[in-house]
Amino acid sequence: GIEQPSYISESAKYGDGIYLGAFSYLGDNAQLGENVKIYPNVYIGDNVKIGDNVTIFAGVKIYSESQIGNNVTLHSGVIIGADGFGFSPGETGEYSKVPQIGNVIIEDHVDIGAGTTIDRATLGSTIIRKGVKLDNQIQIAHNVEIGENTAIAAQTGIAGSTKIGKNCLIGGQVGFAGHLTIGDRVKIQAQSGIGRDVKDGEMLQGSPAIGYNDYNKSYIHFKNLPQTMNTIHQLEKKINNG
């Protein structure tokens with residue numbers, strides 16, 4: 001049912017089986033499918049389209065023009081479609097805002113964890129493909145695209161216009177620079193920093209990230225670096241003393 005108080009625009013449409021929690025808002029021309037569950041204090045902006053069997057937990061904000069597919073779950077505090085971080089520096093150092101006039105598209109069977117933010121595109125769309133699983137507190141910037149069935153752990157940040165492929169596994173607190181292309185089936189260990197394009201099937205670790213196996217081999221040496229340097233100094237003394 002529909003709890004009160006709540007606001008539904010006269011031009012908004014919704015299917016059978018709706019649950020709309022108290023203090024929720026449906027904007028102009030919002031379109032909701034069947035069996036949509038919207039918990040209290042949810043904002044759904046103008047011209048938003050939402051498919052069937054979608055669950056939106058308390059406190060979610062969905063900005064105008066966003067599109068959400070079927071069988072999607074948005075956990076509390078998710079923000080979809082806020083402006084991308086776009087500013088142009090002027091001659092005297094001040095910044096002017098670059099209009100963010102694109103949208104966000106979320107395809108079917110996507111799960112988005114609490115507190116995650118997905119920015120609208122500057123032009124075109126920020127796209128989350130079918131089957132993507134996002135953990136809590138992830139930042140996805142404008143014009144990013146995430147491929148099908150990719151899973152990303154908490155506190156990862158993806159800068160603008162980076163494209164991530166299908167079936168990738170990305171650990172927590174990974175940072176991606178902007179305008180990168182990440183291949184399919186890529187695995188990235190937690191706290192890695194990605195500053196280059198990544199080929200299909202690569203496994204990476206470190207910051208800046210290197211091959212996973214190379215990182216583990218290197219770690220054997222650099223964790224013993226103080227002892228190694230001490231040995232080198234002792235050898236130098238012996239050589240110098242003849």
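Brief remarks on what is shown
- Among beta bridges identified by DSSP and lying wholly in the chain, the antiparallel ones come to about 10 percent.
- Shape class of the range 120-242 from the alpha-carbon gyration tensor: prolate, with a/c at 1.5 or above and a/b greater than b/c.
- Each 10 Å bin, from zero up to the one with the longest distance, holds this percent of the alpha carbon pairs of the range 174-239: 20, 38, 18, 15, 8, 1.
- When each of 61/130; 217/237; 49/163; 97/187 is checked by Cα-Cα distance, pairs over 27 Å: 217/237; 97/187
- Diffusion coefficient, µm² s⁻¹, Stokes-Einstein with Kirkwood Rh over alpha-carbon pairs of the range 44-89 at 37 °C and 0.692 mPa s: 286 µm²/s
- For the chain, the longest principal axis of the Cα atoms and the long axis of helix 212-222 meet at an angle of about 40 degrees.
- Computed over the chain, the range of Cα coordinates on each principal axis works out to 94, 46, 31 Å, biggest value leading.
- Distance between the C-alpha centres of the range 95-119 and the range 165-242: 31 Å, rounded to the whole angstrom.
- Here is the size of the range 116-168 from its Cα atoms: Rg then Dmax, 10.0, 27 Å.
- Between the residues 64, 169, 89, the greatest Cα displacement towards the positive end of the dipole of the chain, with unit charges on the Cβ of Lys, Arg, Asp and Glu, is found for 169.
- Taking a straight line from the alpha carbon of residue 199, these aspartates and glutamates sit under 12 Å away, with near neighbours fewer than eight places off in the same chain left out: 184.
- Along principal axes, Cα extents of the range 31-157, largest first, whole Å: 53, 30, 24
- Cubic angstrom per residue, convex hull over Cα atoms of the range 7-91: 96 Å³
- Seen against the Cα atoms of the chain and their longest principal axis, helix 225-240 is set at about 20 degrees.
- Excluding same-chain neighbours fewer than eight residues apart, the aspartates and glutamates reachable from residue 37 by a Cα-Cα span under 15 Å are 3, 16, 52, 111.
Just so you know, all these numbers are worked out from the coordinates, no wet-lab data involved. What you see is a predicted model, and the numbers here were worked out from it, not measured in a lab. Ideal geometry is used to build each Cβ from the backbone, glycine not excepted, and the neighbour counts take in all protein chains shown.
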